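Okay, structure first, notes after.
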Amino acid sequence: MPTIEDVAKEAGVSTATVSRVVNNSGYVSERTKLRVWQAIKKIGYTPKESARVLAKHKKMYRIAVCISERIRKLSQDNIGQFYGVVVESIRRASGACGMKPGIELMETVEDEYDGYILIGADVDLKVLKKFRSMRKPFVLVDHYIPGQVIDCIISDGYDGAYYAVSYLIKKGLTRIVHIHAPLNAYGFRSRYDGYLAAMEHGGLMPKTYEYDDIANNMPSVVEMMLRTYGLPHAIFASNDIAAIRVITELKKKGIRIPEDVSVIGFDDIAWAETFDPPLTTLRVFKDEMGVLACNRLRDLIMGVNLHPVRISLFTRFVKRKSSI
């Protein structure tokens, strides 16, 4: 005998959406309603049985919080502080949203959940194709792929970078270098663009260097910077880990922070406040990102406000002792 799960699978929607269509409760788009009723007719499901089936149906939706193998490795030490906070926030918020989370690798996760939260910049077109083929709701966190209309929660890296670099310029600093991670990540790209815009607005010549956040080639990057550019007035790093690594290398060479060089990071991980010197940075509201991701996924699972949205959180400048 056909079940509500069979209808959901045939229509490519959640069981909750089928429930709302059958019982005429809650918002469902007309297109989705039509698809559900077509599925009901095709497989021979009897809506009169819905009350009995739904009474037995689970109230807590299972969701997968998906990270990449790369992020899993990073999360084993201080480098993973950012995503660790986001994941913990999702865990705390999911219960109130009627969802039970499990942690999965996005490379291997199966089509057995009601919805998915995909974390980080390793979500590419191939990964998107995989999750779209599941026909289940999903939300990206800390990433956006230009041209792809998908739900995502991001921080405003452009505005944060622009503010930080403008702050340095107002302090009279003109030789400002940007050290960044690979720009395939939307977050790093937006911070890069914000840096360039602030430098252009200030009538200054930008200078950038790329580093490998996995291999940690910061020693060679700093050497190259000093050899080809000399000692800058300030360094704006694409995240706190990069800033901390830069400061570590400069201190080895007897360069004082911030007396000789001001350094600003991005993210405001826990380590930023306890590092020596405490790091000036842009605070990304990681807890809020997790909560917003849960709320958005819940809406998608329930079939509410289905048009994709991109939610961008402003950052906050946090002045500490690594910059003048």
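Where a number appears in this text, it was derived from the coordinates with a stated rule and is not lab data. Only a predicted model underlies this, so the values are computations on that prediction, with no experimental measurement involved. For neighbour counting, all protein chains shown are included, and Cβ atoms are generated from backbone atoms with ideal geometry for every residue, glycine included.
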Worksheet item: Roughly how many debye, to the nearest 20, is the charge dipole of the stretch 78-205 about its Cα centre, given +1 on each Lys and Arg Cβ, -1 on each Asp and Glu Cβ, and no other charges?
Response: 300
Worksheet item: Which is the longest stretch in the chain that no exposed loop site breaks, taking sites as trypsin sites (Lys or Arg not before Pro) with a DSSP loop state and at most 16 other Cβ atoms within 10 Å?
Response: 176-252
Worksheet, complete the sentence: Highest GNM mean-square fluctuation among Ile241, Ile154, Ile257, for the chain with Cα springs under 10 Å, belongs to Ile257
Response to the item:
One finds the C-alpha centres of the stretch 260-324 and the stretch 65-127 to be spaced, in Å, by 16
Worksheet entry | Square roots of five times the Cα gyration tensor eigenvalues for the stretch 157-283, Å | 19, 17, 15
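Multiplying the sequence separation of Arg62 and Lys171 by 0.36 nm and subtracting their Cα-Cα distance, what value in nm do you get?
Stretched fully, the Arg62-Lys171 segment lengthens by 34.2 nm.
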Fill in: Charge dipole of the chain about the Cα centre (unit charges at C-beta), most positive-ward option of Pro182, Met106, Phe236
Met106
Worksheet item: Once Lys and Arg get +1 and Asp and Glu get -1 on their Cβ, which of Gln81, Leu306, Ile247 lies farthest toward the positive end of the dipole of the chain?
Response: Leu306
Worksheet item: Once you charge only the Cβ atoms, +1 for Lys and Arg and -1 for Asp and Glu, what is the size of the charge dipole of the stretch 157-283 about its Cα centre, to the nearest 20 debye?
Response: 380
Item to complete: Grab the beta carbon distance between Arg132 and Lys251, set R0 = 45 Å, and tell me the FRET efficiency rounded to 0.05.
Response: 0.40
Fill in: Of Lys73/Lys321; Lys207/Lys321; Lys253/Lys286; Lys207/Lys252, those spanning more than 26 Å from alpha-carbon to alpha-carbon
Lys73/Lys321; Lys253/Lys286
Worksheet item: Nearest-5 percent of antiparallel DSSP beta bridges in the chain?
Response: 10
Worksheet entry | Computed P(r) (all Cα pairs; the stretch 222-324; 10 Å bins; percent) | 14, 37, 21, 15, 10, 3
Worksheet item: What's the percent breakdown of Cα-Cα distances in the chain across 20 Å bins, shortest bin first?
Response: 30, 46, 19, 4
Worksheet item: Counting only residues 5 or more places away or on other chains, whose amide H sits under 5 Å from the amide H of Phe138 once H atoms are built in the peptide plane?
Response: Tyr116
